[in-house]
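Okay, so here's the structure we're looking at.
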Amino acid sequence: MTDVDVAIVGAGAAGIGAAKTLARLGKSFVVLEASHRVGGRGYTEEILPGMPFDLGCHWLHSASLNPFVQVADDLGLTYTEEGFPRDAFSGGRWLTPEEIEDWGAFFERQEAEMERIAATGEDCSVWEATERDSRWTHTFDYIMSLHSSLDTDQISVIDLMAYRDTQENWPIKEGYGTLLTRFGADVPVRLNSAVTGIDWSGPGVRLTTPKGTIAAGRALVTVSTGILGAGDIRFTPDLPDWKHEAVAALPLGNHNRICLAFDRDVFGPDASHGVNAASGDGDQMSLNIRPFGFNFVVGVTGGRFADWLERAGQQASIDYTEKKLQTVFGTDITKHVTARIVTAWRGDPWVKGAYSAAQPGQAHQRARLAEALDERIHFAGEATSPDFFSTAHGAYLSGIAAAEAMA
Ligand SMILES: Cc1cc2nc3c(=O)[nH]c(=O)nc-3n(C[C@H](O)[C@H](O)[C@H](O)COP(=O)(O)OP(=O)(O)OC[C@H]3O[C@@H](n4cnc5c(N)ncnc54)[C@H](O)[C@@H]3O)c2cc1C
């Protein structure tokens, strides 16, 4: 039994933000983390020695508003202001600058229409709001599936438009997972301590873990809506219906990253740093080529297709990515692949997906999810963020806000 002011459930970006804030405000706390590591959906591994690869978050989104830019500076980490890949290859050739411009204009048109719809307050899905018969529609749907981790028919326009996007997406060389782990190094975390129950029937709260019961004044729950929706934490008494509805309205989609490392630079000095490779109508994959000069490529999948490919298995994901590379760079390009990492976020037992999007008509549920129960059960995490959901810094800021509210 431990008696503390606050028991924080989860040591991802939100849990770290909350713990640091409570420490600053002089409150006692424990951080209970189910997995063997800190960082949650921020997770960097070396695919080969000295070559860090992010399995989860990688880009400092909305960089000029992102507090992790300062953290990266303080930790001496490296980032660039390069942004997302912009080149595109389709139908056996590189697209011309005019076509890329046309693509950009299409995206801007869809955004303007969605802003107009959001301003009316009458919500609909992104699919319903956008042009369905353009040559860029499939590319748009694919990019949206990366942005929201769900498909366009599953995403609320009002929710999407509430996201504060400055269009600055800066990748971190050493990895976003590295940033979170180093930043959280001074936070005491009890690892391998999955919370299976939270009892709030008496005064305070009691949390059940494999290592014993924790008694605290309040609990701060930062786990994903995938975990909450699966009922992996048993609440006694149960959560009210409106809270279950908020969880269900903010499901996680899927987003996987497939990394192939090469034993040499097979692309040459003039290669594009990123390409959206499309073959036929739907079949698209964005490839990040030799980020920071590392000899690897990262291919990304999103939405239902990411779920389907994840279920098909690691080899299917590798084959798919290799085929995309071959389509653009020729069949010999994959001869020098020496290492591979394939993520499987839907199958991750402590997350169960990638990040949240509000279903059409459900954008108001983020505020509902963030609401505390009886001033004893508090909620934080990316899905509770009103404007930076789906991101690491949104999760972090939500953790700070919840801790300040509790204190
Ligand atoms: C593939 C992918 C790419 C992404 N790319 C970006 C990006 O480029 N930029 C960006 O900003 N964001 C990105 N994101 C989103 C970002 O990673 C998340 O929004 C953010 O990290 C979520 O933080 P969190 O603290 O809310 O949740 P989590 O990171 O999920 O933290 C919750 C923690 O709770 C733990 N937990 C679960 N169940 C229990 C339990 N029962 N008891 C105790 N602990 C438990 C989990 O292990 C986890 O550590 C990406 C995510 C994915 C999956």
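Of everything in the stretch 321-343, what is out of contact with any Cys (no Cβ under 9 Å at 6 or more places or on another chain) and buried (at least 18 other Cβ atoms within 10 Å of the Cβ)? Give them in sequence order. Before the answer, list the steps.
Our first condition is that a residue be out of contact with any Cys (no Cβ under 9 Å at 6 or more places or on another chain); within the stretch 321-343, this holds for 322-338.
If the condition is that a residue be out of contact with any Cys (no Cβ under 9 Å at 6 or more places or on another chain) and buried (at least 18 other Cβ atoms within 10 Å of the Cβ), then 322, 324, 325, 327, 328, 329, 333, 334, 337 are the ones that fit.
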Count - residues of the stretch 182-212 that are hydroxyl-bearing (Ser, Thr, Tyr) and crowded, with 18+ Cβ neighbours inside 10 Å: 2
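Considering every residue within the stretch 356-363, establish whether at least one is in contact with a Phe, Trp or Tyr (Cβ under 7 Å, 6 or more places away or on another chain), touching a residue at least 40 places away in the same chain (Cβ under 8 Å) and surrounded by fewer than 20 Cβ atoms within 10 Å (Cβ to Cβ).
Pass one, the stretch 356-363, residues in contact with a Phe, Trp or Tyr (Cβ under 7 Å, 6 or more places away or on another chain): 356.
If we keep only those that are touching a residue at least 40 places away in the same chain (Cβ under 8 Å) as well, we get 356.
Now restrict to residues that are surrounded by fewer than 20 Cβ atoms within 10 Å (Cβ to Cβ): none.
No; the residues of the stretch 356-363 include none that is in contact with a Phe, Trp or Tyr (Cβ under 7 Å, 6 or more places away or on another chain), touching a residue at least 40 places away in the same chain (Cβ under 8 Å) and surrounded by fewer than 20 Cβ atoms within 10 Å (Cβ to Cβ).
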Selection from the stretch 63-100 of residues that are in contact with a strand residue (DSSP E or B) (Cβ under 8 Å, 6 or more places away or on another chain), crowded, with 17+ Cβ neighbours inside 10 Å and over 23 Å from residue 258 (Cα atoms): 63, 66, 68, 69, 72, 77, 95
Residue within the stretch 28-46 that is surrounded by fewer than 15 Cβ atoms within 10 Å (Cβ to Cβ), more than 21 Å from residue 176 (Cβ to Cβ) and in contact (Cβ under 8 Å) with a residue 60 or more places away in the chain present: no
First in the stretch 180-192 and within 20 Å of residue 394 (Cα to Cα) and polar (S, T, N, Q), second anywhere and modelled with pLDDT of 95 or more and surrounded by fewer than 19 Cβ atoms within 10 Å (Cβ to Cβ), Cβ under 8 Å, 6 or more apart: 181/37
Hits in the stretch 138-167 - residues which are within 19 Å of residue 300 (Cα to Cα) and of a type in the set (Asp, Glu): 141, 151
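Residues 337, 351: which one is over 22 Å from the mean Cα position of the chain (by Cα) and not assigned by TED's automatic domain parsing to the domain that holds residue 10? Working first, answer last.
Details: 351 fails: over 22 Å from the mean Cα position of the chain (by Cα).
Matching residue, one of 337, 351: 337.
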Subset of the stretch 303-327 (residues that are closer than 13 Å to residue 283 by Cβ and in contact with a strand residue (DSSP E or B) (Cβ under 8 Å, 6 or more places away or on another chain)): 309, 320, 321, 324, 327
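Tell me, which strands (runs of 3 or more DSSP E) wholly within the stretch 17-74 include 2 or more residues that are away from the ligand (no atom under 15 Å from the Cβ)? Quick ask: steps written out before the conclusion?
On the way: elements: 29-32, 44-48, 51-54, 59-61.
The strands (runs of 3 or more DSSP E) meeting that bar are 44-48.
To keep it simple, each residue is scored yes or no on (1) among the small types (Gly, Ala, Ser); (2) assigned by TED's automatic domain parsing to the domain that holds residue 247; (3) under 25 Å from residue 303 (Cα atoms); (4) away from the ligand (no atom under 11 Å from the Cβ).
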site: 365; (1), (2), (3), (4): no, yes, yes, yes
site: 371; (1), (2), (3), (4): no, yes, no, yes
site: 385; (1), (2), (3), (4): yes, yes, yes, no
site: 392; (1), (2), (3), (4): yes, yes, yes, no
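If we scan the stretch 323-337, do we find a residue that is in contact with a Leu (Cβ under 8 Å, 6 or more places away or on another chain), within 30 Å of residue 91 (Cβ to Cβ) and not in a helix (DSSP H, G or I)?
Restricting attention to the stretch 323-337, the residues satisfying the condition of being in contact with a Leu (Cβ under 8 Å, 6 or more places away or on another chain) are 324-325, 328, 333-334, 337.
Cutting the leftovers down to within 30 Å of residue 91 (Cβ to Cβ) gives us 324-325, 328, 333-334, 337.
Going one step further and asking which of them are not in a helix (DSSP H, G or I), we end up with 337.
Checked against the condition, which is being in contact with a Leu (Cβ under 8 Å, 6 or more places away or on another chain), within 30 Å of residue 91 (Cβ to Cβ) and not in a helix (DSSP H, G or I), the stretch 323-337 yields at least one hit.
The values are calculated or read from the model by the stated rules, or taken from the named source; none is laboratory data. Keep in mind it's a predicted model, so treat the numbers as computed, not measured. Note that each Cβ is placed from the backbone with ideal geometry, even for glycine, and that neighbours are counted across all protein chains shown.
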